[in-house]
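Everything below concerns the one structure shown next.
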Amino acid sequence: MSGSLRRAAAALLRWGRGAGGGGFWVPGVRAAGSGAGGGGSAEQLDALVKKDKVVVFLKGTPEQPQCGFSNAVVQILRLHGARDYAAYNVLDDPELRQGIKDYSNWPTIPQVYLNGEFVGGCDILLQMHQNGDLVEELKKLGIHSALLDEKKDQDSK
Amino acid sequence: MLTGRLVSGLVYLAGRVCLSQGSAGSGAMGPVEAAIRTKLEQALSPEVLELRNESGGHAVPPGSETHFRVAVVSSRFEGLSPLQRHRLVHTALAEELAGPVHALAIQARTPAQWRENPELDTSPPCLGGSKKTRGTP
């Protein structure tokens, strides 16, 4: 696993141009923007993070991230072929921006939730991606990481 | 003072990133950087503490102390998950994070983990943030 993951991590570390470079629209991604609906309350946020298996709070959108750290989260999910995730842009909604920090007791954006549970920010997601944990966590959610297919191709050579 | 080493990861930096020199130009450490250093030393008794002011690479005024990257190496992290480790760092820096510090990239390692890879990573390039709410974390 380490070979292909290392290559993927190296590619990621080139901090790809991101979706803003054009053509990176991933079908299924819901850039829900301020669909949180003036949302800052704990109950609303609780419902939001549990509504989808993979939920991320970003600065910007997956198509156009406005922060390098948020972009890193988008790129990692893209590498794993995780297509159907909910993305909320905190820049659209100051209440959401503060509310999600209070909810998770985490001071920064981006924030990643898997199966309704707060997992961490960009650093932790990157770590999980590099050590193989993310593949496992996605598998538990019934999401088959694209990197597994890459590994299979490697092994069969 | 810029303590982080320029890692080979420089080759990965693309686009319009400009590597933060932080306060290196004047040679003086800003007050926020000093506070971060002191608090982390008190809270975690780190074997290694590498702190880099990365504000220069972001859409904030020169001389800002808003974006930092820190590598903390401490045996207090033994047995703790990454999330737990990061929360320890956040707790130590609660005041700064509620105040001027807008972004904090954390590498929280045990001594053994650090020996395997003793590098302060580089952060991804800034993508502009929200110019409308500049300065608001």
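We did not get these values from a lab; they are worked out from the coordinates using the rules stated. Fair warning: this is a prediction, and the values are worked out from it, not measured in the lab. Positions of Cβ are backbone-derived with ideal geometry, glycine not excepted, and every protein chain shown enters the neighbour counts.
Structure notes:
- Convex hull volume of the C-alpha atoms in segment A:38-156, normalised per residue: 96 Å³.
- 3J(HN,Hα) along segment A:124-133, derived from phi through the Karplus expression 6.51 cos²θ - 1.76 cosθ + 1.60 where θ = phi - 60°, amounts to 5, 4, 5, 4, 4, 5, 6, 9, x, 5 Hz, with x in place of Gly and Pro.
- Segments A:99-110, A:71-82 sorted - mean Cβ within 10 Å per residue, highest first: A:71-82, A:99-110
- Working note: Karplus 6.51/-1.76/1.60 with θ = phi - 60° gives segment B:116-121 the couplings 5, 8, x, 10, 7, 5 Hz, where Gly and Pro are set to x.
- Farthest positive-ward along segment A:34-157 dipole, Cα basis, beta-carbon charges - from A:Pro110, A:Gln98, A:Ala146: A:Ala146
- Relative intensity, log₁₀ I(q)/I(0), of segment B:31-116 from a Debye sum that treats every alpha carbon as a point, q = 0.10, 0.24 Å⁻¹: -0.23, -1.17
- Counts of other chain beta carbons within 10 angstrom of each beta carbon in peptide A:107-114 average 3.
- Averaged over the residues of peptide B:116-129, the number of Cβ atoms from other protein chains lying within 10 Å of each residue's Cβ is 5.
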